[in-house]
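The values are calculated or read from the model by the stated rules, or taken from the named source; none is laboratory data. Bear in mind the structure is a predicted one, so any value in this text is a computation, not a measurement. Reconstructed Cβ throughout: ideal geometry from the backbone, glycine too, with neighbour counts over all protein chains shown.
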Amino acid sequence: MTNQTKAYNYIKEQIITGKYRPGHLLSENQMGIRLNLSRTPIREAINVLESEGLIERDGQETRVTKITAAELKENYDLRSMLEAYALQKNFDNLDETKLINFKTQLIKAGVEQNWSQYIILDKKLHLYLTSSASGSTLQKSLDLLNNQTDRMRYTIAKSNLCVKTCVKELIEIIDTILNKDKNLAIKLLQDHISKIFSWESEYFNKEA
């Protein structure tokens, strides 16, 4: 792992998990000390994160980007359309064994109320269902959207009711795919994304 990758992974994790909240001021010096790195790989990592829409520069200051209610809705509208399209393309390539494994792990996470594990599984399942060729326009677009929506994913994980509902919905999507009902699976996926937006929007409005 290069120093730039190390810095990138660290900063992105802080943003995605909400430790660096929107508007948080980033200090290259402080991050360099914490990671025991020079400013060069820190700066290079920040450049990449800026291109991904997670960081913005305002004069001499570097901050975590803020997201508005309108931007959140647009991100989810686009994500719903693109994930539906991606699932339609990828449907016949989905592996039954992998899907059953996802289902087993989701049930376990739900029973144990292991919400941090749910977050991991949720992201992995969405990526698996909608995976496209690396570097494709579709995959790049989904990656950029996920960078923004992932930041809100951790906020709703604080809601047991939300997570229980989401686990149930994901299992229903998996079962529908296993039953080879493509149209219903796509509809359920879009309904699930819409439900996630509703939860996150409610939290967003409380925080605003």
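What residue, of 47, 93, is over 17 Å from the mean Cα position of the chain (by Cα), under 21 Å from residue 7 (Cα atoms) and not charged (D, E, K, R)?
47
Can you tell me which residue among 120, 42, 100 is part of a helix (DSSP H, G or I) and touching a Gly at 6+ places or on another chain (Cβ under 8 Å)?
42 is the lone residue from the list that is part of a helix (DSSP H, G or I) and touching a Gly at 6+ places or on another chain (Cβ under 8 Å).
Take the conditions modelled with pLDDT under 85, part of a helix (DSSP H, G or I) and not basic (Lys, Arg) and apply them to residue 205. Does it pass?
yes
Spot the failing condition for residue 94; the list is (1) under 21 Å from residue 140 (Cβ atoms); (2) assigned by TED's automatic domain parsing to the domain that holds residue 197; (3) of a type outside the set (D, E, K, R), and only one is missed.
Condition not satisfied by residue 94: (1).
Could you give me the residue pairs with C-beta distances under 6 Å whose first residue belongs to the stretch 164-183 and is within 16 Å of residue 199 (Cα to Cα), whose second residue is modelled with pLDDT under 95 and basic (Lys, Arg) wherever it lies, and which are 6+ apart or on separate chains?
Qualifying pairs under 6 Å: none.
When you check residue 42 against the structure, is it of a type outside the set (Ser, Thr, Tyr) and more than 21 Å from the chain's Cα centre (by Cα), yes or no?
Considered against the rule, which asks whether it is of a type outside the set (Ser, Thr, Tyr) and more than 21 Å from the chain's Cα centre (by Cα), residue 42 comes out as yes.
I'm trying to understand the selection: among the residues of the stretch 139-150, which are farther than 16 Å from residue 67 by Cβ and surrounded by fewer than 18 Cβ atoms within 10 Å (Cβ to Cβ)?
Scanning the stretch 139-150 gives 139, 140, 141, 143.
Of 106, 125, 87, which residue is under 16 Å from the mean Cα position of the chain (by Cα) and either outside any helix (DSSP H, G or I) or surrounded by 18 or more Cβ atoms within 10 Å (Cβ to Cβ) (or both)?
125
Identify the residue in the stretch 45-68 that is assigned to a helix (DSSP H, G or I) and touching a strand residue (DSSP E or B) at 6+ places or on another chain (Cβ under 8 Å) and, among all such residues, is surrounded by the fewest Cβ atoms within 10 Å (Cβ to Cβ).
50
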